[in-house]
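Input: a single structure, listed below in structure tokens.
The values are calculated or read from the model by the stated rules, or taken from the named source; none is laboratory data. Predicted model, so just to flag it, every value in this text is computed and none were measured. Cβ: placed from backbone, ideal geometry, glycine included. Neighbour counts: every protein chain shown. Protein only, heavy atoms only, side chains kept; ligands, DNA and RNA dropped before computing areas. Shrake-Rupley method; radii C 1.70, N 1.55, O 1.52, S 1.80 Å.
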Amino acid sequence: MRNIARRHGVGDNVSTPDQIISSSSSNQPTTAPARGGGQGTGGSAKPVRSESTAGILFGIGAYGLWGLLPLYFFVLMPASAIEIVANRIVWSLLFCALLITITRAWKTFWTAVKDRSVFGPLALAAGLIAINWLTYTFGVTTGHAVETSLGYFINPLVSVLLGVFVLKEKLRPLQWAAVGIGFVAVGVLTFSYGQLPWIALILAFSFGLYGFVKKRVGPKVDALTSLSVETVVLAPLAGITMVVLGVTGAQTLTTLGAGHFWLLVASGVITAVPLLFFGASARRLPMTTIGLLQYFAPVLQFIVALTVFNETMTTARWIGFCVVWLALILLTIDMLRTTRKNSVLKKKARLAAAGA
């Protein structure tokens, strides 16, 4: 979720699996005019267009990788969710350390660690994302991949609720309608599952709160530093978990051959690469475009759950998902309408200023 504190509604929120880690790296798109722009608008059109194209490609890459993440967890079985997350944290930390060394960003990292206003929120964010990762991995590895996709579908609704109850924001009519429809969807899905869809709700709220906490850090820390600090906070517990699993004979890291070992080690790269892609995308694209791209991930997760994992979708569940998608359509319409309205107002303001 990005910029939840803004008063423009869900159109300004960006929600993706693990994606919020890089939220502070992209406050505004940075498409720059070409040199020699004095030759007219034609001089700047090409670089702006190429920057936008690159941003879309990076965004599709990021959300595509997150959407296909269940396939990675699937090939890691019979590793448990706890082992996968512990390895993910430890190897992500090592990969981040390598990137920090290559980019010579250790000074920035230590500055963030020493700054309580940065380290405190990031430590809290680390706990929230750990809950999110563990719940997500547990859901995928226990036959609930469809429900995990539901969690990220309803995440924008959670963003709206946080705006209302935490930031005391006022919602527009379409947003209220979407929230109401979202509650109906949860009711239908509760009937379908025979209980509340806990996995989906934990994913949506942990991720929504994670984004809210990250917003408090704002532009003080970049994506790589943010991820590094969070993994530093989680690494001791993750390391102890790996040792305990090894001592008790419950770990698979070194017992299922070299292929399995390197697949688990690769979790560091698999965690960091889409985050870097997302950061590159968010620096080049307006928030409206990113808000639309965010649906790539849960859509792919949903497709994988049905076609690869062959999970069951009853009629009641289809109805519940359709109701959720209706709520998202309303939010998207509201987002596009508000963005267009703001664009028109900004244009009028520029014309007025020029006329003055």
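At a glance:
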| quantity | calculated |
| --- | --- |
| Pairs beyond 26 Å (Cα-Cα), from LYS170/LYS215; LYS107/LYS168; LYS170/LYS220; LYS114/LYS170; LYS214/LYS341 | LYS107/LYS168; LYS170/LYS220; LYS114/LYS170; LYS214/LYS341 |
| Simple label model, 7 Å out from Cα along Cβ direction - THR142 to THR255, nm | 2.0 nm |
| Accessible area in square angstrom per residue, region 263-331, 1.4 angstrom probe | 38 Å² |
| Per-peptide average of other Cβ atoms within 10 Å, ordering 342-354, 309-321 highest first | 309-321, 342-354 |
| Protection proxy ranking, peptides 136-147, 64-75, average beta carbon neighbours within 10 Å, highest first | 136-147, 64-75 |
| Potential lengthening between CYS322 and VAL164 on full extension [0.36 nm per residue; Cα-Cα distance subtracted] | 54.4 nm |
| Estimated inter-spin distance, VAL299 and ARG337, nm [label 7 Å along Cα→Cβ] | 2.2 nm |
| Rounded percent of accessible protein surface that carbon and sulfur make up, region 209-353, 1.4 Å probe | 71 percent |
| Among 98-109, 80-91, 231-242, 259-270, the order from most to least packed when residues are scored by Cβ within 10 Å on average | 80-91, 231-242, 259-270, 98-109 |
| Rounded FRET efficiency, nearest 0.05, which uses the C-beta distance separating LYS347 from THR111 and R0 of 41 Å | 0.55 |
